[in-house]
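Colleague: Next up is a structure, given as structure tokens.
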Amino acid sequence: MCCRLEDQNSEETNEFVAKQAELAEKVLAECPDTENIRREITRLFDHPRQAAPFRRGNKYFYFHNSGLQEQSVLYMQDDLDGKAEVLLDPNTLSKDGTFALINFSISEDAKYLAYGLSQCGSDWATIHVMTIADKQPMPDNLSWVKFSAMSWTHDGKGFFYGRFPAPRDGGELDGDTETNINVNHQLYYHVMGTNQSEDILCWKDPEHPSYTFGASVTEDGKYIIMGIYEGCGSVNKLYYCEISSLPRGIEGFRDTQEMLPFVKLVDDFDAQYQIVANDGDEFTFLTNKSAPKNKLVRVNIKNPELWTDVVPEHEKDVLESADTVNNNQLLVCYMSDVKNILQLRHLGTGNLIHRLPLEIGSVSEISCRREDKEAFIGFVSFLSPSIIYRCNLASTIPEMKVFREVSVPGFDRMKFQVKQVFVPSKDGTKIPMFVMSKKDIKLDGSHPTLLHGYRGFNICMTPSFSIARVVLCKNMDFVVCIANIRGGGEYGEEWHKAGSLAMKQNCFDDFVSCAEFLISHHYTTPKKICIEGGSNGGLLVGATINQRPDLFGCAIAQGGVLDMLRFHKFTIGHAWTTDYGCSDNEEEFQWLIKYSPLHNVRRPWDQSSGNYCQCPATLLLTADNDDRVVPMHSLKLLATLQYVLCTSTEDSPQTNPIIARIERKAGHGSATTKKLIDEAADKYSFMAKMLGASWTE
């Protein structure tokens with residue numbers, strides 16, 4: 001049956017989904033604290049929040065949500081003290097708020113807004129354009145766009161974007177999940193006022209169908225920089241094209257069979273390169289070339305033989321980003337033991353000018369351009385919802401002042417505590433983990449505990465604020481833990497590689513060690529631990545409950561990659577082979593088969609040596625419109641778990657429920673505010689019941 005569940009629209013799949021939805025509804029209805037959790041999350045969520053402003057032309061723009069709006073709204077104003085007006089409100093585009101703004105780009109003169117809209121959580125987007133002055137829609141509509149930014153040429157005539165070919169049958173996406181593999185990405189330039197069929201093909205590579213392309217116009221408007229990517233690895237090729245060298249401009253290529261004459265600056269996948277700035281032909285890049293914790297380098301692209309270090313690799317800290325500001329300065333953000341540090345450095349020399357003051361937490365965003373004499377810096381932590389600092393760089397010593405600060409009514413940060421501990425893993429590697437709880441809890445093993453992990457794709461899990469985590473700690477006496485296990489980017493590319501490909505087992509060992517630490521240090525007991533992860537973190541949860549079912553009382557896997565032998569055959573899954581490997585390769589098949597959640601389901605009571613145990617209570621979450629990690633992953637594991645543990649043997653000792661919550665009109669982690677709250681209420685009330693936690697006001 002598992003293979004048949006890959007057909008999202010088959011009658012058998014629909015019957016299975018309907019049956020499982022009925023079962024999940026019954027189980028979740030018996031959880032006593034669903035409404036308490038929903039009510040309290042909704043109450044605390046209902047507060048205004050705003051992103052950092054950014055400037056284009058002579059206007060400022062920012063996103064704002066009044067509290068419970070399904071989608072945030074894009075505002076504009078003439079100056080920071082002026083009256084703000086709505087530019088684009090996605091909430092007005094559908095009755096249920098399921099249209100989402102997933103990318104956008106404003107032309108240099110702030111004349112046009114190009115924006116991508118997705119429906120029901122899909123990764124597919126349609127690009128629309130509107131005039132900013134009178135907010136009028138333009139006829140330009142661009143389809144078959146996925147994972148693409150837009151970059152305007154400085155003359156405002158058009159923009160670059162990436163797209164996939166339309167289906168051969170000319171079909172269109174509908175409400176059902178689209179599962180076909182996404183290959184043969186292409187880079188186009190769209191000229192304003194023309195039909196998409198007239199767009200100029202700038203680059204394609206049919207010999208390498210898995211490649212994807214991203215283009216950006218340099219801040220001086222002179223160059224197009226194209227990154228070429230194969231999968232999700234921290235490597236890319238780097239090409240450039242000088243716009244002024246094109247005799248007939250970009251539009252001169254419309255009626256030819258030629259692509260833009262890109263020059264190959266870096267033509268192999270040996271490292272990652274991100275543009276930071278350029279002064280004419282002198283370019284500054286952030287790279288991990290011979291520097292797993294990253295560094296800044298400079299090169300003359302017309303004479304690329306000599307690359308010089310501007311800011312060398314730090315011995316311990318990871319260089320995350322560098323932004324040019326105030327003409328010749330750099331705002332440099334480092335990660336030090338999963339906490340951010342901000343520095344002001346000289347662009348030309350790389351020398352340190354100032355260290356900018358920050359609490360322990362994360363830099364969530366930096367908004368500035370090279371000509372700006374100020375920068376806006378977003379900050380967040382486990383106990384700070386959001387602070388936007390306005391940093392004045394015109395003075396000798398930078399001035400950091402609070403520009404906006406989010407206040408959550410009813411939240412008192414002084415009642416909570418956050419600790420960072422370092423857990424020895426199976427091989428002795430120290431794994432950082434944040435532990436959040438009410439202040440001064442007794443370590444007597446009595447606390448229900450939520451352990452969250454992701455571990456993959458060089459993604460860092462830095463401190464962030466969560467209303468749901470606050471509610472769990474405040475009202476249900478939970479301890480909430482974030483494990484920064486190997487596979488992420490917390491300590492650079494070496495940390496990432498230590499949890500990838502043949503080394504993937506390190507991730508599961510690290511996660512298990514974090515759970516064992518919480519038990520040995522008397523935070524909790526096995527029956528009171530719930531593990532949780534989404535997407536790649538869903539794989540973490542699925543593999544871990546197979547390997548150590550005795551260690552947990554509950555497991556929540558959300559949108560998980562769970563079939564490690566076939567993930568690459570659907571939508572963009574082939575891009576993940578850089579982190580996982582591919583079952584089409586014999587050696588890599590042997591890595592994957594050892595931990596693939598779908599292929600390692602066993603009866604725990606047959607595996608235990610004298611100590612009876614069963615599979616922990618398990619909740620799988622997926623969405624009908626998830627076209628990134630398609631629902632078949634969760635459905636196939638659900639069917640396998642239920643068959644192996646519950647129906648394949650008489651008098652099965654498996655009494656812990658195994659269910660799936662299947663969201664409608666939602667995608668991979670993209671949902672409306674209401675859907676997010678309802679989902680949190682369901683999954684955490686299920687967890688609370690399974691762990692024996694109770695609600696207190």
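Colleague: Name the one entry in GLU251, GLU219, GLU178 that is part of a loop (DSSP other than H, G, I, E, B) and farther than 23 Å from VAL629 by Cα.
Modeller: GLU219
Colleague: Could you run through the range 430-459 and say how many residues are open to solvent by 40 Å² or more (accessible area, probe 1.4 Å) and at pLDDT 95 or above?
Modeller: So the count comes out to 11.
Colleague: So, one more: Under 7 Å by Cβ, and 6 or more places apart or on different chains, what pairs join a residue from the range 411-428 that is on the phi < 0 side of the Ramachandran plot with one that is among the acidic types (Asp, Glu) and outside any strand (DSSP E or B)?
Modeller: So the pair list comes out as SER425/ASP509; SER425/ASP510; LYS426/ASP509.
Colleague: Six or more apart or on different chains, Cβ atoms under 7 Å: show the pairs whose first residue is in the range 434-456 and closer than 8 Å to TYR523 by Cα and whose second is modelled with pLDDT under 95.
Modeller: Listed by first residue and then by second, the contacts come to nothing, as the list is empty.
Colleague: Also, quick follow-up: Answer yes or no: is there a residue in the range 472-490 that is under 24 Å from THR524 (Cα atoms), more than 20 Å from the chain's Cα centre (by Cα), open to solvent by 10 Å² or more (accessible area, probe 1.4 Å) and at pLDDT 95 or above. Before you say what the answer is, go through the steps one by one.
Modeller: Within the range 472-490, the subset under 24 Å from THR524 (Cα atoms) is 472-486.
Subsequent filtering for residues that are more than 20 Å from the chain's Cα centre (by Cα) retains 472-480.
Retained after the next criterion (residues that are open to solvent by 10 Å² or more (accessible area, probe 1.4 Å)): 474, 477.
Cutting the leftovers down to at pLDDT 95 or above gives us 474, 477.
For the range 472-490, residues under 24 Å from THR524 (Cα atoms), more than 20 Å from the chain's Cα centre (by Cα), open to solvent by 10 Å² or more (accessible area, probe 1.4 Å) and at pLDDT 95 or above: present.
Colleague: Looking only at helices (runs of 4 or more DSSP H) that lie completely in the range 555-636, which have at least 2 residues being touching a Gly at 6+ places or on another chain (Cβ under 8 Å) and farther than 30 Å from LYS689 by Cα?
Modeller: 577-580, 586-593
Colleague: Look through GLU12, GLU40, GLU85 and report the one residue that is of a type in the set (D, E, K, R) and open to solvent by less than 30 Å² (accessible area, probe 1.4 Å).
Modeller: Only one candidate passes the filter, namely GLU40.
Colleague: (1) farther than 28 Å from CYS368 by Cα; (2) at pLDDT below 95; (3) among the polar types (S, T, N, Q): which one isn't true of SER244, the others all being true?
Modeller: Evaluating SER244 over (1) farther than 28 Å from CYS368 by Cα; (2) at pLDDT below 95; (3) among the polar types (S, T, N, Q) leaves (1) as the failure.
Colleague: Another question, then. Considering each of PHE552, PHE517, PHE508 in turn, give the residue that is buried (at least 20 other Cβ atoms within 10 Å of the Cβ), in the same structural domain as PHE686 (by the TED database) and closer than 21 Å to ALA660 by Cα.
Modeller: Checking each option against the conditions leaves just PHE552.
Colleague: If PHE283 satisfies all but one of (1) surrounded by fewer than 13 Cβ atoms within 10 Å (Cβ to Cβ); (2) farther than 27 Å from THR462 by Cα, what's the number of the condition it fails?
Modeller: Evaluating PHE283 over (1) surrounded by fewer than 13 Cβ atoms within 10 Å (Cβ to Cβ); (2) farther than 27 Å from THR462 by Cα leaves (1) as the failure.
Colleague: Among (1) part of a loop (DSSP other than H, G, I, E, B); (2) over 30 Å from THR34 (Cα atoms), there is one condition SER464 misses while meeting the rest; what is its number?
Modeller: (2)
Colleague: While we're looking at this one, here's another question. Looking at the range 131-151 only, could you name the residues that are open to solvent by less than 10 Å² (accessible area, probe 1.4 Å) and either touching an Asp or Glu at 6+ places or on another chain (Cβ under 9 Å) or not in a loop (DSSP other than H, G, I, E, B) (or both)?
Modeller: Filtering the range 131-151 for residues open to solvent by less than 10 Å² (accessible area, probe 1.4 Å) gives 132, 140, 142, 145-146.
Within the range 131-151, ASP140, LEU142, VAL145, LYS146 meet the criteria.
Colleague: Return the residues of the range 1-57 that are of a type in the set (Gly, Ala, Ser) and either closer than 18 Å to LEU621 by Cα or touching a helix residue (DSSP H, G or I) at 6+ places or on another chain (Cβ under 8 Å) (or both); say none if nothing qualifies.
Modeller: SER10, ALA18, ALA21, ALA24, ALA29
The values are calculated or read from the model by the stated rules, or taken from the named source; none is laboratory data. Quick caveat, the model's predicted, so the values are computed rather than measured. All Cβ positions, glycine included, derive from the backbone under ideal geometry; neighbour counts span all protein chains shown. Protein only, heavy atoms only, side chains kept; ligands, DNA and RNA dropped before computing areas. Shrake-Rupley method; radii C 1.70, N 1.55, O 1.52, S 1.80 Å.
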